[in-house]
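Trainee: One structure, as structure tokens, below. Some questions next.
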Amino acid sequence: MRRSFVSVDKPVPESPSRVAVVTGAGRGIGAAVARRLAEDGFAVGLIDLDEAGAKAGADAITAAGGKAVGLAADISDAEEVDRVVAEVADTLGPPTVLVNNAGITRDNLLFKMSESDWDSVMGVHLRGAFLMSRAVQKHMTDQGWGRIVSLSSTSALGNRGQANYSTAKAGLQGFTKTLAVELGKFGVTANAIAPGFIATDMTAATAERLGMGFEDFKAAAAKEIPVRRVGAPEDIAHTVSFLVSDGAGFVSGQVIYVAGGPKA
Ligand code: NAP
């Protein structure tokens, strides 16, 4: 039975569509989030630049008894976004959960950062989250229920070599708060998760850029983290699972730092 935490004038609708869209779901955190939402009973649309990764994730969910579809799209392209969101709605039903997870890094110190390093990071994180949220919100407001979770980062607090990325991740926090204000009356919450160090291809690439082995890089990072380990994609998936649950309907416009401690 669905548990509903309701306000008097805003009951949770009896049966909103349980369909989630996760961007950047071909690997890393997005893949773990897609798996977890499928375990939670959502049909999941996995969107990624890499079609093979998205389809492999969807096949694994289907093989485990869930419902999923894997689709290729560049989320910084408005036409592609509208096309895949329509395809998810046609195949699985209207999406009511969106996880804005796709991301890239183009790290460099400010004096060496190119305009294209700046524009591509803004394009995927900010324009991508904007386009996806705009495309999906119609389905959420029609259903009177929705959950938007966007991946920020501890880098939003400032990080050497990441003027572009930290700006985008801080921007996503403002975006989240505004969505929470605009969409709350339709039963839609918006929250951000700001992970610390999570072991994925993204952090492996950072280790490579710094000329360190990934194991040494993780061990060095763990020493600085209060819980003395680096994060796993499942740590973020667990937090997403909470934020999209019915019981989290009074949590909106928040940034949850999932970093093994209070700061980066
Ligand atoms: P990842 O392993 O690099 O995976 C990112 C995924 O996003 C890839 O599958 C990538 O596709 C996809 N993607 C990139 N640009 C895209 C676009 N334009 N359209 C569609 N998909 C696109 O990264 P991750 O570590 O899982 O990170 C996931 C999110 O968490 C990102 O927003 C990241 O900034 C954030 N985050 C990560 C950490 C960390 O420590 N790992 C910490 C804080 C925040 P391709 O495979 O084709 O490139």
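The values are calculated or read from the model by the stated rules, or taken from the named source; none is laboratory data. Here the structure is a predicted model, which is why all the values come from computation and not from measurement. As a convention, Cβ positions derive from the backbone with ideal geometry for all residues, glycine included, and neighbour counts pool all protein chains shown. These accessible areas exclude ligands, DNA and RNA; they are computed on the full protein's heavy atoms, side chains included. Shrake-Rupley method; radii C 1.70, N 1.55, O 1.52, S 1.80 Å.
Trainee: One residue is enough: does the stretch 60-69 have a residue meeting the conditions open to solvent by 70 Å² or more (accessible area, probe 1.4 Å), within 16 Å of the ligand (Cβ to nearest atom) and assigned by TED's automatic domain parsing to the domain that holds GLU39?
Mentor: No, the conditions are met nowhere in the stretch 60-69.
Yes or no, residue by residue, for (1) in contact with a strand residue (DSSP E or B) (Cβ under 7 Å, 6 or more places away or on another chain); (2) at pLDDT below 95; (3) within 16 Å of the ligand (Cβ to nearest atom):
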residue: THR91; (1), (2), (3): yes, no, no
residue: ILE104; (1), (2), (3): no, no, yes
residue: GLU115; (1), (2), (3): no, no, no
residue: MET122; (1), (2), (3): no, no, yes
residue: LEU126; (1), (2), (3): no, no, yes
residue: LEU131; (1), (2), (3): no, no, yes
residue: VAL149; (1), (2), (3): yes, no, yes
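Trainee: When only residues in the stretch 96-116 that are hydroxyl-bearing (Ser, Thr, Tyr) and open to solvent by 20 Å² or more (accessible area, probe 1.4 Å) count, which is nearest to ALA237 (Cα to Cα)?
Mentor: Let us first name the residues in the stretch 96-116 that are hydroxyl-bearing (Ser, Thr, Tyr), namely 96, 105, 114, 116.
If we keep only those that are open to solvent by 20 Å² or more (accessible area, probe 1.4 Å) too, we end up with 105, 114, 116.
On the way: THR105: 21, SER114: 33, SER116: 31 Å.
Among those residues, the one meeting the criterion is THR105.
Trainee: Name the pairs whose Cβ atoms lie under 6 Å apart, with the first residue in the stretch 120-132 and surrounded by fewer than 19 Cβ atoms within 10 Å (Cβ to Cβ), the second not in a helix (DSSP H, G or I), and 6 or more positions between them or separate chains?
Mentor: What qualifies is SER120/ARG106; GLY123/SER76; ARG127/SER76.
Trainee: Which condition does GLY174 not pass, out of (1) under 27 Å from MET122 (Cβ atoms); (2) in contact with a Ser or Thr (Cβ under 9 Å, 6 or more places away or on another chain); (3) free of Cβ contacts under 8 Å to residues at least 60 places away in the same chain, if it passes all the others?
Mentor: Result: GLY174 passes all but (2).
Trainee: Would you be able to tell me the number of residues in the stretch 12-50 that are modelled with pLDDT of 95 or more, part of a loop (DSSP other than H, G, I, E, B) and crowded, with 20+ Cβ neighbours inside 10 Å?
Mentor: 5
Trainee: Now, a different point. When residues of the stretch 206-217 are filtered for being surrounded by fewer than 19 Cβ atoms within 10 Å (Cβ to Cβ), on the phi < 0 side of the Ramachandran plot and without any contact (Cβ under 8 Å) to a residue 40 or more places away in the chain, how many remain?
Mentor: Final tally of qualifying residues: 8.
Trainee: Given the criterion more than 9 Å from the ligand (Cβ to nearest atom), open to solvent by 20 Å² or more (accessible area, probe 1.4 Å) and in contact (Cβ under 8 Å) with a residue 60 or more places away in the chain, identify the matching residue among VAL240, VAL251.
Mentor: Of VAL240, VAL251, the one residue that is more than 9 Å from the ligand (Cβ to nearest atom), open to solvent by 20 Å² or more (accessible area, probe 1.4 Å) and in contact (Cβ under 8 Å) with a residue 60 or more places away in the chain is VAL251.
Trainee: Another question, then. Select from the stretch 180-208 the residues that are closer than 16 Å to ARG147 by Cβ, within 16 Å of the ligand (Cβ to nearest atom) and either among the β-branched types (Val, Ile, Thr) or outside any strand (DSSP E or B) (or both) and list them in ascending order.
Mentor: Selection gives ILE193 alone.
Trainee: Do we have SER150 as of a type outside the set (A, V, I, L, M), open to solvent by less than 10 Å² (accessible area, probe 1.4 Å) and on the phi < 0 side of the Ramachandran plot here?
Mentor: Taking the combined requirement at face value, the residue satisfies it.
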